[in-house]
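This report refers to the structure that appears directly beneath it.
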Amino acid sequence: MHAALFPDVNGLQLLATPGVIAFAIWLVNFSPAEPRSNPKWKALSLFWLVLAEALWITVGYVQDQKGLFWGTLTLLFLTLILSKRCFSYEFLGVQAVNTVILLLITLPVTDLFARLHLSSPIHGYEADPTVRQASGEPGGVNAENGRFFYSYEDARGDPNAFAIWWSRFQDELTRRLAPGCFETWRGNSPPYRLRPNGRGAFFDSSIFINSRGFRGREIAVPKGNVYRIVCLGESTVFGMTIRKDDKPWPELLERMINDRLKPPRPVEVINAGVPGWSLSSNIKRLRSDVLPLQPDLIISYHGYNGFAMIDDSLPPVWGAAPPPYPKRPLRLAAEIEYRMDLRAFARESRPSGAPRPSRPPLQTLYADGYRQLIGFARTNHIRLALANFCMAIDEHSDQKLINFYNYCGSSALYTRSGVNSVHSEIVRRLAEANPGVTFIDTHPNLNSDHHKFIDVVHFTQEGRRQLAENVFAAIRPQLEQDLASSTNSL
């Protein structure tokens, strides 16, 4: 049910009609001296009154008007009690009225029980942002348990629980992050980019965009004596950080380099990830946005957003968002309603087939994009490292896990079709075929380890730390060589 079914109910003109009719019939035919006279008229009056109450209850439920809902339920309870004094019900009629009365008595208790016990992993995040704001928690960690729920174990393997989390994720992205951090941009596709000097939030994480349109601190140009690394990629580079202390993995990588290598010259790692962008989008900004930074090394971590470049017959990676959790006066009824909506959503959005892409890996548009990136780096004498991509699941994952993440766009289809494996093959073979290009295998202790993901592709802080470890291990020999040679040349 939807609130749009009941427009313009503030005056309740239409909904008041049955109640007016009921009162008119009762007023004309009621006789205090003969309380059981005119049973047909009194039955008709009762019918119109109950109809009016049913409509008011429905409106209160659909529009989450708690006062109207609970007040009318109380009125219905009193109506049924009085009806037993005005009518001589048959046995079945008495049983029916008593059953409804008992239901109305137990309904508040049941709702209280539901509210206490449905703050489970399915509802680890408050669906109503006003609750968060009223509690003084700007990011919205559930005040009762102080944590988020998104993993398979926390959600008890229930895909409906993940769908609720994913709906909340999408809401945070569109309502709190995008308005402050994104701006329209006619010069590229997609038609938006990060807003210079933008400010936004994502759950409890505050996000800042510097004056050059990158996440993080300000960047000096020219760079001076700094050894500069630019991490190019999608939202998985940008960092969908959740908690206040969460850091994107490029920031963790910079810390690892400086703490472990003790470099003789400053090392900076710049986060050039943009949510929603793909390799083809980032290639178009290399000359305008990346080259002025004078990078010594570019690290490419692309994957999911460009999977259609491997097989253009596959659907877009991000499908429709699942339905939002409804705001209702009755928590248990809202739960039942939402699960019915999710079942319908799953039936409509479930991918149909999952053939493995038949096009040779190095003949795909993705491979062409990487060749352009390699050519750019070689022409501008910039070192390049190509990383494969990590996901919470792969084609060998348990079917229960795949089903769990099925609400997140076309993830199940891409997983079963092995597109990520093809992408890894493209990256590895191109790195092998081009001397000076480093291959970064990001999979160890990360790929298909769903504990380190908040959805199919975005990481927990543990996942970002592991990715930074894998990247550091792969580029360390080249870094040590570059930093040592720069010292000897001084």
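If you check Ser281, Ser288, Ser211, Ser206, which single one turns out to be surrounded by 14 or more Cβ atoms within 10 Å (Cβ to Cβ) and farther than 27 Å from Glu480 by Cβ?
Ser281
If Tyr227 satisfies every condition in (1) surrounded by fewer than 20 Cβ atoms within 10 Å (Cβ to Cβ); (2) farther than 16 Å from Thr460 by Cβ; (3) modelled with pLDDT of 95 or more; (4) among the hydroxyl-bearing types (Ser, Thr, Tyr) but one, which is the exception?
Going through the list (1) surrounded by fewer than 20 Cβ atoms within 10 Å (Cβ to Cβ); (2) farther than 16 Å from Thr460 by Cβ; (3) modelled with pLDDT of 95 or more; (4) among the hydroxyl-bearing types (Ser, Thr, Tyr), Tyr227 breaks only (1).
Considering only helices (runs of 4 or more DSSP H) fully contained in region 154-271, which possess at least 1 residues that are out of contact with any Lys or Arg (no Cβ under 6 Å at 6 or more places or on another chain) and under 22 Å from Tyr405 (Cβ atoms)?
159-172, 235-238
Mind listing whichever residues of region 249-261 are open to solvent by less than 10 Å² (accessible area, probe 1.4 Å) and closer than 22 Å to Tyr304 by Cα?
Trp249, Pro250, Leu253
How many residues are farther than 23 Å from Arg464 by Cα and modelled with pLDDT of 80 or more when one looks only at region 400-417?
Residues flagged as farther than 23 Å from Arg464 by Cα and modelled with pLDDT of 80 or more within region 400-417 amount to 1.
Need a quick list: helices (runs of 4 or more DSSP H) entirely within region 1-112 having at least 1 residues that are at pLDDT 70 or above.
In region 1-112, 39-62, 66-86 are the helices (runs of 4 or more DSSP H) which contain 1 or more residues that are at pLDDT 70 or above.
When you go through Gly180, Gly200, Gly233 one by one, which is the residue that is closer than 19 Å to Gln294 by Cα and among the small types (Gly, Ala, Ser)?
Testing whether each residue is closer than 19 Å to Gln294 by Cα and among the small types (Gly, Ala, Ser) leaves just Gly233.
Looking at region 451-463, which of its residues are within 19 Å of Gly276 (Cβ to Cβ) and either of a type in the set (A, V, I, L, M) or assigned to a helix (DSSP H, G or I) (or both)?
Ile454, Val456, Val457
Suppose we keep only residues that are surrounded by 19 or more Cβ atoms within 10 Å (Cβ to Cβ) and under 18 Å from Ile336 (Cβ atoms) within region 46-62. Which one would you say is farthest from the chain's Cα centre (by Cα)?
Result: Ile57.
The values are calculated or read from the model by the stated rules, or taken from the named source; none is laboratory data. Bear in mind that the values here come from a model prediction, so they are computed numbers and not experimental data. Backbone-built Cβ (ideal geometry, glycine too); neighbour counts: all protein chains shown. Surface areas here come from the heavy atoms of the whole protein model, side chains and all, with no ligands, DNA or RNA. Shrake-Rupley method; radii C 1.70, N 1.55, O 1.52, S 1.80 Å.
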